[in-house]
1. Can you tell me which residue in the range A:1-30 is nearest to the other protein chains (Cβ to nearest Cβ), limited to those that are modelled with pLDDT under 95 and out of contact with any Asp or Glu (no Cβ under 6 Å at 6 or more places or on another chain)?
2. Out of all the residues in the range A:88-111, which are more than 14 Å from every other protein chain (Cβ to nearest Cβ) and not hydroxyl-bearing (S, T, Y)?
3. Quick check on this structure: which one of B:N82, B:N98 is more than 14 Å from every other protein chain (Cβ to nearest Cβ), out of contact with any His (no Cβ under 7 Å at 6 or more places or on another chain) and open to solvent by 50 Å² or more (accessible area, probe 1.4 Å)?
4. Looking at the range B:56-75, can you tell me whether even one residue there is of a type outside the set (V, I, T), on the phi > 0 side of the Ramachandran plot and touching a Lys or Arg at 6+ places or on another chain (Cβ under 6 Å)?
5. Wholly within the range B:1-62, which strands (runs of 3 or more DSSP E) include no fewer than the required count, namely at least 1 residues that are more than 16 Å from B:S76 (Cβ to Cβ) and free of Cβ contacts under 8 Å to residues at least 24 places away in the same chain?
6. With the checklist (1) in contact (Cβ under 8 Å) with a residue 40 or more places away in the chain; (2) closer than 14 Å to B:S18 by Cβ; (3) among the polar types (S, T, N, Q); (4) in contact with a Phe, Trp or Tyr (Cβ under 9 Å, 6 or more places away or on another chain) in hand, flag the one item B:S69 doesn't pass.
7. In this structure, is A:I54 open to solvent by 50 Å² or more (accessible area, probe 1.4 Å), under 10 Å from the mean Cα position of the chain (by Cα), over 28 Å from B:G60 (Cβ atoms) and without any contact (Cβ under 8 Å) to a residue 60 or more places away in the chain?
8. Out of the residues in the range B:101-113 that are farther than 26 Å from A:S32 by Cα and in a strand (DSSP E or B), which is most open to solvent (accessible area, probe 1.4 Å)?
Amino acid sequence: EDKVVQSPLSLVVHEGDTVTLNCSYEVTNFRSLLWYKQEKKAPTFLFMLTSSGIEKKSGRLSSILDKKELFSILNITATQTGDSAVYLCAVLGTSYGKLTFGQGTILTVHP
Amino acid sequence: SAVISQKPSRDICQRGTSLTIQCQVDSQVTMMFWYRQQPGQSLTLIATANQGSEATYESGFVIDKFPISRPNLTFSTLTVSNMSPEDSSIYLCSAQINSDTQYFGPGTRLTVL
């Protein structure tokens, strides 16, 4: 059974801090790893990673995948209060689209 | 990306009743999915909504409890049948727009009394 583990489960920082969120996985027939940001109800797509060592960036957010170590990290630099959310990591391990999600990391950014 | 809408956005229902949740995508998509997020938990896939055929359910979910329709490539419904308080969750639909990327609807927050 596919498994995704995120750490830490929660994180409290102050504005301007840099944070690193971790995601490790065990999956059969890995296809891709996705990061989402969830505020209130709907997860918002951040990144999809399929190849090792290629960093994806969007503003202050970046992510990288290590397929050898079965690991991904999501970095957020110069955090802002608007970054407060649950960050979800999910892996796609089959051909039909089932995403297996981790427990999520609750990030709280204080002013 | 795509615009995905769901309705209702929230509902409070009585035990034993059923609720149908609608999901509409603003473009044709091959694959649509339904997820459940129980309080304090992460997302769990309920089923894949297949256009023109029966949905494919994940282990632990059955058609009698969660019947799904997919009449065309832009629309799907999920019914939560014979509800109990344990069904109180957020229900989310998603659509696979390109390659492996899935985008989610805004979710339906269901409370069963």
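1. A:E1
2. Passing the criteria: A:L107, A:V109, A:H110, A:P111.
3. Details: B:N98 fails: more than 14 Å from every other protein chain (Cβ to nearest Cβ).
Being more than 14 Å from every other protein chain (Cβ to nearest Cβ), out of contact with any His (no Cβ under 7 Å at 6 or more places or on another chain) and open to solvent by 50 Å² or more (accessible area, probe 1.4 Å) holds for just one of B:N82, B:N98, which is B:N82.
4. The answer is no; no qualifying residue exists.
5. Per the criteria, B:43-49.
6. Tallying (1) in contact (Cβ under 8 Å) with a residue 40 or more places away in the chain; (2) closer than 14 Å to B:S18 by Cβ; (3) among the polar types (S, T, N, Q); (4) in contact with a Phe, Trp or Tyr (Cβ under 9 Å, 6 or more places away or on another chain), B:S69 fails exactly one: (1).
7. Criteria not met by A:I54.
8. B:R109
The values are calculated or read from the model by the stated rules, or taken from the named source; none is laboratory data. What you see is a predicted model; the values in this text were computed from it and never measured. Backbone-built Cβ (ideal geometry, glycine too); neighbour counts: all protein chains shown. Accessible surface is based on the protein model in full, side chains and every heavy atom, while ligands, DNA and RNA are left aside. Shrake-Rupley method; radii C 1.70, N 1.55, O 1.52, S 1.80 Å.
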